[in-house]
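Got a structure for you, written out below as structure tokens; questions coming shortly.
The values are calculated or read from the model by the stated rules, or taken from the named source; none is laboratory data. Every value quoted in this text rests on a predicted model; they were computed, and no experiment measured them. Note: ideal-geometry Cβ built from the backbone for every residue, glycine included; neighbour counts use all protein chains shown. SASA here: full protein model, heavy atoms, side chains in, ligands and nucleic acids out. Shrake-Rupley method; radii C 1.70, N 1.55, O 1.52, S 1.80 Å.
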Amino acid sequence: MLLSRIKGPEDLKELSGEELELLAEELRSEIIRVTARTGGHLASSLGAVELIIALHRVFDSPRDRILFDVGHQAYAHKLLTGRQEKFDSIRQPGGLSGFTKVSESPHDAITVGHASTSLANALGMAVARDLQGADYKIAAVIGDGALTGGMALAALNKIGELGKDMLIVLNDNEMSISPNVGALAGYFKTLQVQRWVQDAEKLGKGLLERISPRLFDLADRAKEATKMILHQDNPFYAWNLRYVGPVDGHDLKGLVYLLERLKDLSGPTLLHVVTTKGKGYKVAEEDPTSWHGASPFSLEAPLAKKSRYTWSAAFGDAVTELADREEKLVVVTPAMREGSGLVRFSQTHPERFLDVGIAEDVAVTTAAGLALAGMKPVVAIYSTFLQRAVDQVIHDVAIEKLNVVFAVDRAGLVGADGPTHHGVFDLALLRAVPGMQIAAPKDALEMRAMLRAALRQSGPVALRWPRGGVEPAIDGAWPECSWGSWQVLKEGGEVYVLAFGKTLPYALAAAADDPRIGVINARFIKPIDKNALSRAAASGRILTVEDHQLTGGFGAAVLEELQDLGLKPQLRRLGLPDRFTEQGDVAQLHARAGIDAAGIRKALAEMGVTSAAAVRRGG
Ligand code: HTL
Ligand code: MG
């Protein structure tokens, strides 16, 4: 294998064109082989193989800095930068991250997982480099999806103004997770139509260069002028960026040729490459959306996927049915149609479905606008991505108490995507917002009840649920929800465990058959059910359990409320400690943090609640 001889990017420099092509094939096989076992961002990584080889061939990482936006497309980069032996461990507990990570390798220029950060990072590095009088190169790879984010566009604006030397590679596959949205995406399509112009230019350029490099330089400058005319309407020119492209992102030779010429240009250059998401793996090319983030699959029968009913599907079903009767309901998603369970909604109510691109801030403020104009917006958003829009929640929604419903998916630990994607800050961030009401259903039926009730509330409401499977609700049932009330699921003599959502089954399992241990479905996190809390406190002991950071979370809210009520039961809080939780199996991570049945039993024992078994033994 050629790949096994590549210990680092420097080993690429000596390879022939044919060997580079062979390497691309080997990288693809390796990415497919491992992703079949681990799951991961297969289609995106397959699409970027040639681009990554070409970048490492031409630039000198880690001296030169290569930044990958989102970092989910960089599997080939990991394989070419000394991580082949560890590649089997990608996304596994203790293994390589599924994204680029500064602490993992000197070749990973940024730690990332959320979209649209690469350009601002590149700008900062370029400013630092110039202040320090250093002369390394900076290349940022950003997808067409990530370029829909405000952060990326705002960074471009400043990059164009400062004119710092850097290369921006726009990896355009016309796809975010679903087909990309936005006016710019439409513009890229028209550019691709104009590609014959570039092809003609390329031919001429190659010829010229063979005749005389000096002539080539002159022609390059002349071309610059022509391009101004050719691409008069090119928005990148308006941003003061040199635009080159679009070019074929799978033409390895062509890419190397171009990068070699672009890397020494001064000022910012944007190279527009066109790639095919899923390139080289038939099923992924045909259905890049399903293969964007693949679950582990069988190499023999890749389409034989297990499917299960999920919280996202339960939300999608509920919101679709509600929209049938509530004509003011509008759903806004920041580029997460599939993940948020909204495919059916987008088909049945296309005019009331708004995918704003990877722009959570825009999603939330658009919802504010919808609410101000008399509609009932539901923002479907992952907990981790809501972090991007906290100011919009406060400033645009909450101050005027607008009735915007936040359907917060993937709340709690998410597993293999790790610390960039865990949804463990939403309670702390939202709890601080005046007027915000926060609830967490324990099952699909309760979600339906809460969703319907939330749309009737005044003011903002956030409903949160975890990643993963859930039992489907009985078809068509819309139970009433007693808004704001907790539910005593099991009476207890000596202690009450307060849990909600994902941690409730753990509490019930820990309390099973033990008359001392009571369990409350503390489904309203804000405001807290004071009556139920007071009654629980009367038992003398309270244990809170949450799939969230302890800092600012539910237990902290209980602590504050008890203090305000002047109640002093013995209180213990289980949740995530004040550090970032790594990637891993969610059940294992919960066990490690003590937020499972065993952890609850242990905490109860430490609080002096003897277990039923111990009581029976006379202990
Ligand atoms: N919102 C934010 C701020 N960050 C992320 N990462 C997402 C949502 C979710 N997300 C991804 S990858 C991705 C989204 C929306 C699509 C990126 O499209 P792009 O790249 O065109 O940039 P491509 O896959 O190569 O086509 C992840 O969470 C990994
Ligand atoms: Mg894309």
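Per residue, how many Å² of accessible area does region 487-617 show with a 1.4 Å probe?
On a per-residue basis, region 487-617 sits at 44 Å².
Ok, one more. By accessible area of protein heavy atoms, probe 1.4 Å, what ranking do ASP396, ASP60, ASP409 get, highest first?
Highest to lowest solvent-accessible surface, that is ASP60, ASP396, ASP409.
Among LYS86/LYS282; LYS253/LYS279; LYS158/LYS328; LYS277/LYS305, which pairs are too far apart, with a Cα-Cα distance over 28 Å?
Check vs 28 Å cut-off fails for LYS158/LYS328.
Check the straight Cα-Cα distances from LYS189 and name the aspartates and glutamates below 13 Å, setting aside those fewer than 8 residues away within the same chain.
Cα-Cα hits under 13 Å: ASP144, ASP172, GLU174.
Follow-up. Once you place label points 7 Å from the Cα toward the Cβ at ARG579 and LYS530, how far apart are they in nm?
Here the modelled spin labels are 3.9 nm apart.
How would LYS568, LYS328, LYS401, LYS101 line up by accessible area, probe 1.4 Å, largest first?
Descending accessible area places them as LYS568, LYS401, LYS328, LYS101.
Taking only Cα atoms, what is the 0 to 90° angle, nearest 10, from helix 195-211's long axis to the longest principal axis of the chain?
Between helix and principal axis, roughly 50 degrees.
What percent antiparallel are the DSSP beta bridges of the chain, to the nearest 5?
Antiparallel: roughly 15 percent of the beta bridges in the chain.
Any idea what the dipole of the chain comes to, in debye rounded to 20, about its Cα centre with Lys/Arg Cβ at +1 and Asp/Glu Cβ at -1?
1220 debye
Now for a separate question. What percentage of the solvent-accessible surface of region 487-617, computed with a 1.4 Å probe over protein heavy atoms, is contributed by carbon and sulfur atoms?
Ligands and nucleic acids excluded, carbon and sulfur reach 51 percent.
Give the lysines whose C-alpha is closer than 23 Å to that of LYS602, dropping any in the same chain fewer than 8 places away, or say none.
LYS490, LYS502, LYS568
Sticking with this structure for a sec: Amide H of MET166: which non-local residues (sequence gap of 5 or more, or other chain) have their own amide H closer than 5 Å, using H built in the peptide plane?
So MET166 has HN proximity to GLY267, THR269.
To continue, here is another question. Accessible area per residue of region 308-451 at 1.4 Å probe, in Å²?
I get 32 Å² per residue for region 308-451.
Now a separate question. Please report, as a whole percent, how much of the solvent-accessible surface of region 229-287 comes from carbon and sulfur atoms (probe radius 1.4 Å).
So the carbon and sulfur contribution to the accessible surface is 49 percent.
Give me the one-decimal nm value for the distance between modelled label points at LEU303 and VAL283, 7 Å along each residue's Cα-to-Cβ direction.
In this crude spin-label approximation the distance works out to 0.9 nm.
Related question: Taking every pair of alpha-carbon atoms in the chain, what share in percent sits in each 20 Å bin, from 0 to the bin with the longest distance?
It works out to 19, 47, 27, 6, 1, in whole percents.
How much accessible surface does TRP483 have with a 1.4 Å probe, in Å² rounded to 10?
70 Å²
Determine the calculated [θ] at 222 nm for the chain from helices alone, applying -39500 (n - 2.57) to every DSSP H run no shorter than 4 residues and normalising by the residue count; nearest 500 deg cm²/dmol.
-11500 deg cm²/dmol
If you stretched the chain out fully between SER295 and GLU25, how much longer would it get, using 0.36 nm times the residue separation minus the C-alpha to C-alpha distance?
95.0 nm is the gain from fully extending SER295 to GLU25.
So if each residue of separation counts as 0.36 nm, and I subtract the Cα-Cα distance between ARG33 and TRP483, what length gain in nm does that give?
So the extension gain works out to 157.0 nm.
After finding the eigenvalues of the alpha carbon gyration tensor for region 316-453, what semi-axes result from the square roots of 5 times each, listed largest first in whole Å?
One finds semi-axes of 21, 18, 15 Å for region 316-453.
Here is a follow-up. What whole-number value in Å² describes the accessible area per residue of region 1-118 for a 1.4 Å probe?
32 Å²
If I stretch the segment between ALA509 and LYS7 completely, what's the gain in nm (0.36 nm per residue apart, minus their alpha carbon distance), one decimal?
So the extension gain works out to 175.7 nm.
Shifting gears a bit: Would you tell me the accessible area of THR269, worked out with a 1.4 angstrom probe on the heavy atoms of the protein chains, in Å² to the nearest 10?
Looks like 0 Å² after rounding.
On a 1.4 Å probe surface of the protein chains, which of MET175, MET375, MET1, MET450 comes out largest in accessible area, and what is the full order?
MET1, MET375, MET175, MET450
Can you give the accessible area of ARG572 in Å² (nearest 10), computed on protein heavy atoms with a 1.4 Å probe?
Here the accessible area works out near 80 Å².
If amide H atoms are built 1.01 Å from N in the plane of the peptide, which residues on other chains or at least 5 residues away come under 5 Å of the amide H of LYS279?
Here GLY47 satisfy the definition.
Report P(r) for region 255-336: all Cα-Cα distances, bin width 5 Å, range 0 to the bin holding the largest distance, values in whole percent.
Over region 255-336, the share of Cα pairs per 5 Å bin runs 3, 9, 12, 12, 11, 12, 12, 10, 7, 6, 4, 1, 0 percent.
Moving on to the next point. In whole percent, how big is the carbon plus sulfur part of the accessible area of region 312-378, probe 1.4 Å, protein atoms only?
54 percent
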